[in-house]
Amino acid sequence: MLAMKEIVPPPPSMVRNDVAAVQKLFQQNVVPSYGRFDIVLSHGSGCYLYDITGKRYLDLGGGIAVSSIGHGHPAITEALVEQSKRLIHSSNFYYHESQGRLAQALVNLIGPGKCFFGNSGVEANEGLFKLARKFGHDEGRFEIITTVNSFHGRTLAGIAATGQDKIKKGFEPMVPGFRQVPYNDIAAMQAAISPATVAIMIEGIQGEGGVSPATPDYLLGLRQLCDEKNLLLFMDGVQCGHFRTGRFQSYQRILEDFEETGHPGSPGLSAANFLPDGISMAKSLGGGFPIGAFWVRAPYANLLSAGTHGTTYGGSPLACTVALKVLEVIQREKLADNGRHVGQKLKAGLEALARKFPGVIHNVRGLGLMIGIELAPNISRLPGDAAKTQAVRFANLLHAEGLLAIPAGANILRLLPPLILRQTEAEEGLEIIESVVARLAD
Ligand SMILES: Cc1ncc(COP(=O)(O)O)c(C=O)c1O
């Protein structure tokens, strides 16, 4: 057998801290569908990323809520290396242990049901859409109601489900059967239900839409409505799930104040027994290795029978082994609690900044390590190309100071850091944000 060194040639050394050379490669060869920042990354460690010039960034964006246990975690490396020696891929013609074990772990975390594995968030949602269509098919029901400002991914069904015109624009006609109503508005949802409606999908915390959490009343009201009308209630947990809020799923965190007492507005429906009918997952699930999944509640768990749904790579031995390892690290190191506490302090620090500099920070919201910073409208001292959104221009200032954050819409910055974020790192982030905010204040 060949030794490792003989099989793998050293990487070509064409780029040494030459940002322009890498950007040129992209301009010439990569479809320009992303607005990218002028940063060329090289490597990462824990909550820090390094660019090819050697500059260090505190990564409070977490690759958009993906890098749940940070960069370069040895547990992921070991899982990847060891499993890749055994079996990377098998296809779903055959069984393998880690897919079964990962499904069992997710079922244990959520409740009685089953899981399906794909490769991304939108694919997880797509699976739930198909499940809903199958559920309503014989009664001619197919319509899925989602919410204004939601984001559910970029496939044709994903953009039809998404409640943002800018995502749909240019790709009409939309896949039929999706409709949006205002978020956190139970009366609007009730009014929108038609004889063709089969399901409702919401994010527990709207992410791309600006970090807006659902209220407890809304969640419990939706559950009641779905029970009354025989509709499936789906939660898109792609961004807000996997312990980001301090609990496994955001609805558990949102409803936890009512777990003991029950909710006064919904007699008979307590937060303790609230369960959606389907949950989509991705992002933090693989800690950076692509994997998506949906969980479906037990009564509907066998609707997608053999031959009705699938994907070649879904739930591969490698993906599932890594996801199991990520889960093990999160649970062993109590990262949900860490995220809850560090997130609370980070949010409190940002709220103090909003009070001190109301002309720059308008509002701070979110739960755990999913925090949105809403900028004040028209910050006069904000430099940069006026054609770019305030969020992008503000992010550029943070980048210059060595902090990564993610724009959400035109005016909001999102913090979605690794769940391993330490208190000292959160304080470092706050100091950087304060230095930028103070410069912009009148
Ligand atoms: C709530 C939500 N759903 C779905 C998606 C789509 O996930 P993916 O990009 O992995 O397809 C995203 C991605 O940002 C998301 O935030």
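The table below gives the values:
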{"item": "Filter result for the condition that a residue is in contact with a strand residue (DSSP E or B) (Cβ under 6 Å, 6 or more places away or on another chain) and within 17 Å of Ser212 (Cβ to Cβ), over Gln180, Gln164", "result": "Gln180"}
{"item": "Selected residue [more than 16 Å from the ligand (Cβ to nearest atom), of a type in the set (Lys, Arg) and surrounded by 13 or more Cβ atoms within 10 Å (Cβ to Cβ)] from Lys114, Lys85", "result": "Lys114"}
{"item": "Glu143 being in contact (Cβ under 8 Å) with a residue 12 or more places away in the chain, farther than 29 Å from Gly372 by Cα and either touching a Gly at 6+ places or on another chain (Cβ under 6 Å) or buried (at least 24 other Cβ atoms within 10 Å of the Cβ) (or both)", "result": "yes"}
{"item": "Residues satisfying the stated conditions in the range 280-310, i.e. more than 21 Å from the chain's Cα centre (by Cα) and either within 15 Å of the ligand (Cβ to nearest atom) or farther than 19 Å from Phe234 by Cα (or both)", "result": "Ser305, Ala306, Gly307, Thr308, Gly310"}
{"item": "Meets criteria (in a loop (DSSP other than H, G, I, E, B), within 26 Å of Phe243 (Cβ to Cβ) and out of contact with any Gly (no Cβ under 6 Å at 6 or more places or on another chain)) for Leu382", "result": "no"}
{"item": "Residues of the range 80-121 that turn out to be of a type in the set (Phe, Trp, Tyr) and more than 26 Å from the chain's Cα centre (by Cα), as a count", "result": "3"}
{"item": "Arg365 among the charged types (D, E, K, R), out of contact with any His (no Cβ under 6 Å at 6 or more places or on another chain), over 19 Å from Ile76 (Cα atoms) and buried (at least 16 other Cβ atoms within 10 Å of the Cβ)", "result": "yes"}
{"item": "Given (1) closer than 17 Å to Gly241 by Cβ; (2) within 13 Å of the ligand (Cβ to nearest atom); (3) part of a helix (DSSP H, G or I), index of the condition Phe129 fails", "result": "(1)"}
{"item": "Condition check for Val437: over 22 Å from the mean Cα position of the chain (by Cα) and crowded, with 16+ Cβ neighbours inside 10 Å", "result": "yes"}
{"item": "Number of the exception - Val211 against (1) more than 12 Å from the ligand (Cβ to nearest atom); (2) crowded, with 21+ Cβ neighbours inside 10 Å", "result": "(1)"}
{"item": "Odd one out for Ser90 among (1) assigned to a helix (DSSP H, G or I); (2) surrounded by fewer than 17 Cβ atoms within 10 Å (Cβ to Cβ)", "result": "(1)"}
{"item": "Yes/no for Leu109 being within 13 Å of the ligand (Cβ to nearest atom) and in contact (Cβ under 8 Å) with a residue 12 or more places away in the chain", "result": "no"}
{"item": "Filter result for Ala79 (small (Gly, Ala, Ser), touching a residue at least 40 places away in the same chain (Cβ under 8 Å), over 30 Å from Ile432 (Cα atoms) and surrounded by 21 or more Cβ atoms within 10 Å (Cβ to Cβ))", "result": "yes"}
{"item": "So Ile202, is it in a helix (DSSP H, G or I) and modelled with pLDDT of 95 or more", "result": "no"}
{"item": "Condition met for Asn125 (at pLDDT 95 or above and surrounded by fewer than 24 Cβ atoms within 10 Å (Cβ to Cβ))", "result": "no"}
{"item": "Within the range 214-242, tally of residues that are free of Cβ contacts under 8 Å to residues at least 24 places away in the same chain and within 16 Å of the ligand (Cβ to nearest atom)", "result": "0"}
{"item": "Strands (runs of 3 or more DSSP E) contained entirely in the range 31-78, each with at least 1 residues that are of a type outside the set (A, V, I, L, M, F, W, C) and within 19 Å of the chain's Cα centre (by Cα)", "result": "56-59"}
{"item": "Matching entry among Gly402, Gly349, Gly384, Gly359 (being surrounded by fewer than 20 Cβ atoms within 10 Å (Cβ to Cβ), at pLDDT below 95 and either in contact with a Leu (Cβ under 7 Å, 6 or more places away or on another chain) or more than 30 Å from Arg101 (Cβ to Cβ) (or both))", "result": "Gly384"}
{"item": "Subset of the range 147-196 [loosely packed, with under 13 Cβ neighbours inside 10 Å, more than 16 Å from the ligand (Cβ to nearest atom) and in a loop (DSSP other than H, G, I, E, B)]", "result": "Lys169, Gly170, Glu172, Pro173, Pro176, Ser194, Pro195"}
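Residue by residue, here is whether (1) charged (D, E, K, R); (2) modelled with pLDDT under 95 holds:
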site	(1), (2)
Pro10	no, yes
Tyr34	no, no
Cys47	no, no
Tyr50	no, no
Thr53	no, yes
His73	no, no
Glu97	yes, no
Leu106	no, no
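The values are calculated or read from the model by the stated rules, or taken from the named source; none is laboratory data. These numbers come from a predicted model, not from an experiment. Backbone-built Cβ (ideal geometry, glycine too); neighbour counts: all protein chains shown.
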